[in-house]
Structures are given as C-alpha cells and as structure tokens.
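The values are calculated or read from the model by the stated rules, or taken from the named source; none is laboratory data. Since the model is a prediction, treat every value here as computed from it, not as a measurement. Every residue, glycine among them, receives a Cβ derived from its backbone with ideal geometry; neighbour counts consider all protein chains shown. To get the accessible areas, we keep the full protein, side chains included, count just its heavy atoms, and leave off ligands, DNA and RNA. Shrake-Rupley method; radii C 1.70, N 1.55, O 1.52, S 1.80 Å.
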Amino acid sequence: METITKKVIITTFVAMLFRVEDCTCFEHELASCITTIIQSHFKPDESIAVSLPNTEEFEKQNNSLKLPLHADDIDIASKILQDINENTQSKIQIFGQMETDLTILDVNIVKPRSYINFVQTKEEEEIIESLEDQLNVFQDNENWNSRAKFLIVIMKLDIEIREKLALDVAILLQESFSIYNAVILIPRGEMKQNEYSEKKVHIIIEIYSWFPFESKNCGHVKEIILIDTCDRNTNANRSKTNLYPNKIPKDFNKCPIKLSFFGFPPFLVTTNNYKHTKNGNTYNVSGSTVDCVLIAIEKLNLKSEISQIVTNFDYNESIKFGTNVISGVYDIVIGFMPLSLHALSLGEYTIPLVFETFMIIVPCPAPISRVTRCLSIYTISLWFVLLLVLVLTVLLFSYAANIHNVSVKESHIFKTLTSSFVNAWAVFIGVSVPQMPRTTILRAYFFLFVCYSFAICTVFQAFFVTYLVEPGYGKPISSFDELLLKGIIFERVEVLDFGTSLVNVELEFNSKSQSYCTEYEKCVSNVIKYKNNSLKAVLGHADYVAKKLGITERSNAVCWLEDVQVDFYMTSYVTKGSYFVERMNSIIRLCMEAGLNKKLFSESMNSVLVKNGGRNVFENEDVFVFSISHLAPAFGALIIGCLISCVVFLFEIMWSFSNKKK
C-alpha cells in the first residue's frame, strides 16, 4: 500500500506540475547527482521525507494529504522525485505547498530515516531563513528524527561565497536542530569550451559536511569541509565516497555534559564521601538508577558538570526542576524518572534502568502472641467437648469399679471420683497410671479412652510446637473498606500523585481521613513502625526504609493492597537530538546484562541493613532456629503448676495438722 501511495503522489506531481523534458542542463546535473547519492547512501526500503521549495505547511487530516506547491519552483525537485520513483523502492513523505489537494487513502506516516530539503530563493540572504522554515515543519511532526541522514540541496547557481553559506547552514543544523549527519549540496558553474570551441557552462555540485567532535569541537561547528564534488564525469564513482560516516565518537575527549539528579533512596543516594574517577570527575551520588549511567559517562570520557541535585519532595521545587529539563538547561536528568509517553514529546530517554511498582502501602498485621496462638489450636466448642468427655469418663470409671455383681474385684484406685479423675487426667495428658483396671468392662473403656487421648494429644502437640516456634501474624488488610473500618489515615504525596499521572494511572483513595505528607521517608517509616497510617509509595523505597530500620524480612514490615498497584520503568531523560545517548545506551545495556547494577544495588541495600543493626540479607529467611526461648510458655506453665501444687500440698498439711488437734 505504501509503494502504491508513493507512486500515486509522484505520478500526480509529474502529471500536474511539470514536464521533465523542459528541465535545463543545470536541473539535469543536480537531479542526476542527487539521485546517485540517494541510490548509493540511502537504503532502498527506508522512508524519505522530502521538503519541496517554499514549504510552509504539511497537513494530514481525515486520511488526506494537502500539498500546496508552486509549479514554477519545483522542476528540479519533481525531476528528482521521478527518478527516485523509477529507480528505488523508497517510501516518500512529501512536505510542501500546492494549490491542489491530493486525497490519498490509507497513508501510513512512518518515522523517516532520511530527509531531503530543496531550498530555492531569489535572494542569497533568504536561504538560511527558508531552510529554517522547512526544518521547523519537520520538527513539529511527531515522527521527527534528528539522527536521520539529511541532504540539503541549495538550488541557486550564482552563489559567490559557497564555503560561508555551507558553514552558516551547518551552524543552523547543528546548533538549532541538533542535526549532524548531513551533507550540503551547492552548485557552481564554470565556463568551458567543448571540442567545437563552443563555450558552455559546466555544472559542478560541491558537497560539504562537517565533523562536530573533531579537534575538541564538542558538538559545535567551527569549520566546514568540502568532502567531494559531483559532475557528469564523476557520478559513476559517487558510491565510493562515504558521505555519511559515523560522526559520533566512542571517546568524547572530555567534552562537558551537564548532569542533574532528582529522586530519593535507593534510586538516588547522596553521600558526604566524594568519589574521584580517573577522568577527573567527582561524584557524591549513587543509586540503582545512577550507577550504570555514571559508568557510561566515564567510559565515553565525558567531563561531568553537576548542575543540580534535588532530593526533597517539595512539589514546587519539582515543577521548577521539570521546567529546567524541558528548556534544555541540563543535558541529562538522572534518578527517579518514570518512563512516560507524556515526556517523550519533550525529550528522549536511555534504555530502562529499573523496574518498580507504585502501590498503596498499609500497616502489616501484628504478630500473634504464642499463648493466644496455642489456645487457639482447638476452638472453644472443642475444648468444651474435651471437658465433657473427661467428666463422663470419670463417672464411667467410678461406676464400673463399684458394680458388685462381677466375679473380679476392681482396684480401689477407680472406685472414688477423685481417684478416677486423677487416673483419667493422667491418661489424657499421656502419663502412666499406678495400676491397670481388672474388670473387662473397665479395661475396654480404658483402652478406648487411651486411643482417644493419644489422638487428641498428638494433634495438639504438633501444632503446639509449631506455634511456639512461629506463631504467625494476624489477618492482613486487603481492601480500602478495611482501612476505613480500622480508621487508618491515608496520607497523600503530591510528587507521587504527579508521578502516577505520568504513567497514565491514578491510584485514588476516597476517604474523609486524608492528610498530606510533607516528609515522605518519615511517613513510610510511620507505616512500618507505628502502623497508624497508609500512603502511596514505591516498593523499592519502602524496602529501603525497612532495611534502614534494621528489618530484614520485608514481608513482615511492608504490606500493600494487592489489587491497587502499577508497574513502571525508570530511565534517564536527555535533550532531544542528544549526541551521546546511543553510545550511552550500548554501555548501559552491557552493564545491565552483566548484572553489575544489581550487584551494586544489593551491596548498597546490605550496607544500609548492617549499619542499622539488621542481619545480613544473604541469610536464609526460611529457616527458623528452635531455641529455649520458644519453650518459655511451656516452662512458664510448668512453674505455675508447681507453685499451685506446692500451695495445695501445704494446705493439705495444715488441714491434716488441724484435724489431728481436734
């Protein structure tokens, strides 16, 4: 469809606007040179954006292209478009002016990989202004690509100082539009005699370019170079000259780069200890979103100039910081920068550095006491049934032992209620009795009661030991309704509200119990320590605060609502048309593939934990060590039982002594 669309555009231009055979020798020479360059240096299947002379506007609305053109000014451009159409398979997007509307169905505008600008003015002084107007039209398009190949065609033959014009064009491209991969074609005419001694104008196309990072230019144009010429005798060898070499070096030779940092730990951590690098750069920052970027800056041999470090959560300060980023005050912004479609219209970005999650953190459930947990092994109804069975057993033991119509006389230890209770309780807790029953009836029921007690005690002891080691936690908060019922205050953070809006998600909490948090880290700490509030947070930062409090197990300290969370990537933003972002991305990618960022982040989090009294994060969190402290409730119950027994024993002695006196 795209090829058909291109042919419709070209054919319509050729049919409506010009006759190719009417072109002059100058026009043929220029068209031939440009077509040769396109065939040699542009890929045949890539998209080409063409700006025709006197371009003011390009519109694409309701699947229609409106291309107003002036027929008197586009003979050369039309000839070139015809040659491209006949000799290549390039996808063409035309920007220009024409008084006739061309309606093309299903036109897919793609990101151009090459641009051709035809500049034709009556006065030499108007060339720069006309070219700037054309580039502004390109730049306003959402598919603008400043790193594409640019071919600037000056369609004016009588230019006196061509080097100066080429330098002015290069400065415009480099300084105003961040275009560096471009060549400039400027024609000149020479009077020569042919073999019949006739004087004719010989057309030579001069090809200019520049190298923005040679001789410590650091992205500025200081000189223009005539890299080649083009005429009818050299067109055949045009493909041998590389007109578009890679102009971005691997070593920037200490060219300055303005850095700015925005964020909070662990994504951005400021320290008092300055780190000095081999390149002479000095840093007092680190973090999961910082380390790989700084490594890339060092590998590219860039000289860092730290302009600003913002670590607070003041909303006005954040807006001021964002304004400076948009206006190009900084070359790169590092730190807590969510990847957002809204920001892409204002700048470019590196490859994603960290994967994180926005969520609403809530107080974690408190641990259940061991005594409460042990008592909850069996429900109240089951405890009542056990007591009822024990009472019935005592009565049955006493009744069976006192039956007189049996041949075997039962032991006296089962005849009274008190002795039967002592024996039944001994069997129930797994202690031996002084003497076995003698009668068949009592022995049968005794055996059944032993089996029953063994089953009940085995289950109880299994859970009892488990709950002594790890009694567990209460029921976690799982919804907003539970927060409301518990009366927990929801605290808002303006910067995080703005951050979630950037990733096209709103985490809203509709509650009358709301307040604004001014100290973000303190608010997160209050959720973990005092469990009296909740707020929107980033999981990585909440984990950092828990480590700072000396807490190893995040699952017991940081809890959140499972159904309210948003995943996002963090990156670093650079100005549009940044020269070093592609080189930087290749180094960052190697850093992340090698796992260096994870290693540095793990070491940083571990050091925070150790400094604040926590255990090493590499310990196995799934292993519980059984110790004497876990048996404290059992020993406590034993001591209390012994004390009660001693009191009862002393009471019996005193009671017996008083009875003897009587």
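With the condition kept exactly as written, say whether any residue in region 548-559 is of a type in the set (A, V, I, L, M, F, W, C), more than 19 Å from the chain's Cα centre (by Cα), open to solvent by less than 20 Å² (accessible area, probe 1.4 Å) and at pLDDT below 85.
Within region 548-559, one or more residues are of a type in the set (A, V, I, L, M, F, W, C), more than 19 Å from the chain's Cα centre (by Cα), open to solvent by less than 20 Å² (accessible area, probe 1.4 Å) and at pLDDT below 85.
Identify all residues within region 568-603 that are under 27 Å from residue 331 (Cα atoms), open to solvent by 30 Å² or more (accessible area, probe 1.4 Å) and not hydrophobic (A, V, I, L, M, F, W, C); write none if there are none. Working first, answer last.
Of all residues in region 568-603, those under 27 Å from residue 331 (Cα atoms) come to 568-598, 600-601.
Adding the requirement that they be open to solvent by 30 Å² or more (accessible area, probe 1.4 Å) leaves 569, 575-576, 579, 582-583, 586-587, 589-590, 592-594, 596, 598, 600-601.
Correct list: 569, 575, 576, 579, 582, 583, 586, 589, 593, 598.
Quick one: in region 344-355, of everything that is of a type outside the set (Val, Ile, Thr) and open to solvent by 20 Å² or more (accessible area, probe 1.4 Å), which residue is nearest to the chain's Cα centre (by Cα)? First the steps, then the outcome.
Initially, region 344-355 is screened for residues of a type outside the set (Val, Ile, Thr), giving 344-349, 352-353, 355.
Next, from what is left, pick out any that are open to solvent by 20 Å² or more (accessible area, probe 1.4 Å): 344-346, 348-349, 352, 355.
On the way: 344: 15, 345: 18, 346: 19, 348: 15, 349: 12, 352: 6, 355: 4 Å.
Ranking the qualifying residues of region 344-355, first place goes to 355.
Within region 110-121, can one find any residue that is modelled with pLDDT under 75 and in contact with a helix residue (DSSP H, G or I) (Cβ under 6 Å, 6 or more places away or on another chain)?
No, that holds for no residue.
Just to be sure I understand the filter: pairs with C-beta atoms under 8 Å, separated by 6 or more residues or on different chains, first member in region 206-228 and part of a loop (DSSP other than H, G, I, E, B), second member among the charged types (D, E, K, R) and buried (at least 17 other Cβ atoms within 10 Å of the Cβ). Which pairs pass?
Listed pairs, sorted by first residue: none to list.
Restricting to region 80-103, what's the tally of residues that are surrounded by fewer than 15 Cβ atoms within 10 Å (Cβ to Cβ) and at pLDDT 50 or above?
To start, the set of residues in region 80-103 that are surrounded by fewer than 15 Cβ atoms within 10 Å (Cβ to Cβ) comprises 86-87, 89, 99-101, 103.
Narrowing the set further to residues that are at pLDDT 50 or above leaves 86-87, 89.
Number of matching residues: 3.
Quick check on residue 333: is it of a type in the set (Val, Ile, Thr), buried (at least 22 other Cβ atoms within 10 Å of the Cβ) and in contact (Cβ under 8 Å) with a residue 12 or more places away in the chain? Please lay out each step first, then the result.
Numbers: of a type in the set (Val, Ile, Thr): yes; buried (at least 22 other Cβ atoms within 10 Å of the Cβ): yes; in contact (Cβ under 8 Å) with a residue 12 or more places away in the chain: yes.
Yes, satisfied.
Within region 524-547, how many residues turn out to be small (Gly, Ala, Ser), part of a helix (DSSP H, G or I) and in contact with a helix residue (DSSP H, G or I) (Cβ under 7 Å, 6 or more places away or on another chain)?
The qualifying residues number 3.
Output yes when any residue across region 368-387 is at pLDDT below 85, touching a strand residue (DSSP E or B) at 6+ places or on another chain (Cβ under 8 Å) and under 30 Å from residue 560 (Cα atoms), and no when none is.
Within region 368-387, one or more residues are at pLDDT below 85, touching a strand residue (DSSP E or B) at 6+ places or on another chain (Cβ under 8 Å) and under 30 Å from residue 560 (Cα atoms).
Would you mind stating whether residue 351 is of a type in the set (A, V, I, L, M) and at pLDDT 75 or above?
Numbers: of a type in the set (A, V, I, L, M): yes; at pLDDT 75 or above: yes.
So residue 351 fits the description; yes.
Please determine whether any residue of region 157-166 is closer than 24 Å to residue 204 by Cβ, open to solvent by 50 Å² or more (accessible area, probe 1.4 Å) and among the β-branched types (Val, Ile, Thr).
Yes, region 157-166 contains a residue that is closer than 24 Å to residue 204 by Cβ, open to solvent by 50 Å² or more (accessible area, probe 1.4 Å) and among the β-branched types (Val, Ile, Thr).
In region 40-72, how many residues are over 18 Å from residue 118 (Cβ atoms) and either touching a Gly at 6+ places or on another chain (Cβ under 6 Å) or at pLDDT 75 or above (or both)?
Of the residues in region 40-72, 5 are over 18 Å from residue 118 (Cβ atoms) and either touching a Gly at 6+ places or on another chain (Cβ under 6 Å) or at pLDDT 75 or above (or both).
Quick one: is residue 452 closer than 30 Å to residue 397 by Cβ, modelled with pLDDT of 75 or more and surrounded by 15 or more Cβ atoms within 10 Å (Cβ to Cβ)?
Values: closer than 30 Å to residue 397 by Cβ: yes; modelled with pLDDT of 75 or more: yes; surrounded by 15 or more Cβ atoms within 10 Å (Cβ to Cβ): yes.
Considered against the rule, which asks whether it is closer than 30 Å to residue 397 by Cβ, modelled with pLDDT of 75 or more and surrounded by 15 or more Cβ atoms within 10 Å (Cβ to Cβ), residue 452 comes out as yes.
Of the conditions (1) farther than 28 Å from residue 544 by Cβ; (2) modelled with pLDDT of 85 or more, residue 280 clears all except one; give me its number.
(2)
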